[in-house]
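The values are calculated or read from the model by the stated rules, or taken from the named source; none is laboratory data. Just so it is clear, the model here is predicted, and its values are computed rather than measured. Note: ideal-geometry Cβ built from the backbone for every residue, glycine included; neighbour counts use all protein chains shown. Keep in mind that these areas ignore ligands, DNA and RNA; they rest on the heavy atoms of the full protein, side chains included. Shrake-Rupley method; radii C 1.70, N 1.55, O 1.52, S 1.80 Å.
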Amino acid sequence: MKSRLLVIATFMLSMVWAHAVKAEELVVIVNPDMQGSMSHTDVARIFLGKSTQFPSGELAEPLDVDPSHPNYHVFAREVLNKSPSQLRAYWAKQIFTGRGLPPKSAKDEEELRTLVAENKRYLSYIDSAKKDDSVRAVLKIVD
Amino acid sequence: MIKQAVSVMRKACSGLLSWLCAMGGVVCLLFSSAVNAEVEWYGNGFGTLGAGVLNSNSINEVNPFQHNGYDDSLQLDVDTRLGYQGILQLDDQVSVTAQAVVQSSDDFEADLEWVYLTYKVNGNLFFNVGRIRRPSYNYSDYLDVGYAYPWIRPPVEVYSRDLAFYDQVDGISFLYERPIGGWISSVQAYYGGSSDNSEVSFGENVDFKTRDDRGVFLGLENDYWNFRLGYQVLPSISVGRIEQGEALITALEGAGFGDIGRDLDVEDIRTEFYEFFIGLDINDWFCSAEYVRVLVSKSAAPNDEAAWYLTGGRRLGPLTLHYTYAERERENERRFSGPIREQASMLPPAFAGPLIALADAVDEGSSLSDTKQKSHTVGLRYDFDKAYALKLEYQIISDQKNDLTNNLVSVAVDFIF
């Protein structure tokens, strides 16, 4: 009886966990050496090329996930406040006015995490489930 | 005609060559001082394939500036263009940007839109030196990149060629951006001059020169709002003499009436340009308005021109639906033939005749360019692929001066690569 309850409880917990993952909670990550937290606006400014510095004043460089990745859409909508087509039009404008280039991107979250863990300049975003101690979360983004 | 074309081509090529040599020299210099830095090259392109047709060509006959020449047969060569931009990033602070555009309405002649060197002092302060685009309007910097805005072309009432004068300027500019609370403020300014060869109403190409041009532009934006305020002054525009004028002026000078001859010279025209833009973008709704005023003084044919538009729309996934109202009014203060007629009475009839005829021709030309026009446009943009947008527009154009109405249907595909 007890074991059956445990099975049900585990099952329910896993459902909750699965649901949490489905909600695609993203975290904005920086190198563990970087201090302080960041607001949506701080992060958006760096990803849109309007700022090249962390709030602390240190140099910041954004790393994006490939546009084919689902996280790209979530981040664009929740943080940059833009649809993918709006974001492309925005970058077309920035590029052809000589103001800036879109962030460099990596294919998967593991690569992003590794890059951020290795370089203090980098700022990126990954699934909260993929975050480990090699990086520090500065902002949570709930879909 | 061919001779003229060859000479223009030669001029264009030599101009391009001297520019490239100068830029090349700068690049080499920078390369030698930055051999250790990682030099990166970025290339990006954009283009538009556009077609349109008016229901009759009466508007076109009246105002040749409209739509760069749409008429009542399907035209592919008005909005169609292809552009390419290269950025050579020499190090963290220095880059060279060049953009060339081939316009079908320009007989597919490649036009070097800009070539400039950027020096990034820090993340907030940039200096540009070289051939830059005059940032007269909110969309000036990316006027050719249809992909970056919802319309097929920004409202021609405001973004007309004769309003913008010369889009390129050789000089220096800076851009300073600074966050203030949730806002980003910016100051942009330029100083320089330009020279060009354009067709005037006499059907003849004439050299234009401007010097000591300067402008300052203030911007303020946040996630939703966008404001822009601009002021430019081109204190000294000189227009080369056309052949008929030249002959007449020489003759007048020879006869000891040099003063009258100099009155006919189109030199040191002063033009002031004011611009204001306001935009709001909230969730999937957006609206914006832009107003420009151009005052031409110290000219034989001074004029006062004002134009504005109001646009609004909504995004629904990959679709953008928009509506625009635009208006333009230009009045020439006809003060040209008056003084000439007075002075001509003192001249021998052999001079007075052609002089009065020329003055009248200039007046006729400027009265033809008197304009009062408004238009309504409804349009649809469909982002059907990640680098392509299909656009459809229907426009009702009313020429109120001549009491004419015309409808324009246009379709375009914008792309980036």
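Taking H as built 1.01 Å from N, whose amide H comes closer than 5 Å to the amide H of B:W183, not counting residues under 5 places away?
none
Whole-Hz Karplus ³J(HN,Hα) for region B:392-398, in order, using 6.51 cos²θ - 1.76 cosθ + 1.60 and θ = phi - 60°, x for Gly and Pro?
So the J values, rounded to whole Hz, are 10, 9, 10, 10, 10, 10, 10.
Report the net charge of residues surrounding B:L49, where surrounding means a beta-carbon distance below 12 angstrom and charges are Lys +1, Arg +1, Asp -1, Glu -1.
Values: positive: B:R81, B:K391; negative: B:D77, B:D79, B:D414.
So the surrounding residues net to -1.
For the interface of A with B, what's the total buried accessible surface in square angstrom, probe 1.4 angstrom, rounded to the nearest hundred?
2300 Å²
How large a share of the accessible area of region A:32-143, in percent, is made up of carbon and sulfur atoms when the probe is 1.4 Å and the other protein chains stay in place?
Carbon-and-sulfur percentage of accessible area, whole number: 47.
Taking every DSSP beta bridge with both residues inside region A:24-142, roughly what % is antiparallel (nearest 5)? Mind showing how you got there, number by number?
Details: 11 of 16 bridges.
Around 70 percent antiparallel, to the nearest 5.
Tell me the net charge near B:F126. Cut-off is 14 Å between Cβ atoms, B:F126 excluded, with +1 for each Lys or Arg and -1 for each Asp or Glu.
My count for the surroundings of B:F126 gives +1.
Amide H of B:D111 versus every other amide H placed in the peptide plane: which residues, excluding those fewer than 5 positions away on the same chain, fall under 5 Å?
The answer is B:V101, B:V102, B:Q103.
Please compute the modelled spin-label separation between B:W41 and B:I278, points set 7 Å along Cα→Cβ, answer in nm with one decimal.
Here the answer is 4.7 nm between the modelled labels.
Can you work out the Karplus-derived ³J(HN,Hα) for every residue in region B:306-319? Use 6.51 cos²θ - 1.76 cosθ + 1.60 with θ = phi - 60°, whole Hz, and x for glycine or proline.
With coefficients 6.51, -1.76 and 1.60, one gets 9, 8, 7, 9, 9, 9, x, x, 9, 9, 10, x, x, 9 Hz.
R0 = 30 Å: FRET efficiency of B:L49 with A:R77, Cβ-based, nearest 0.05?
0.45
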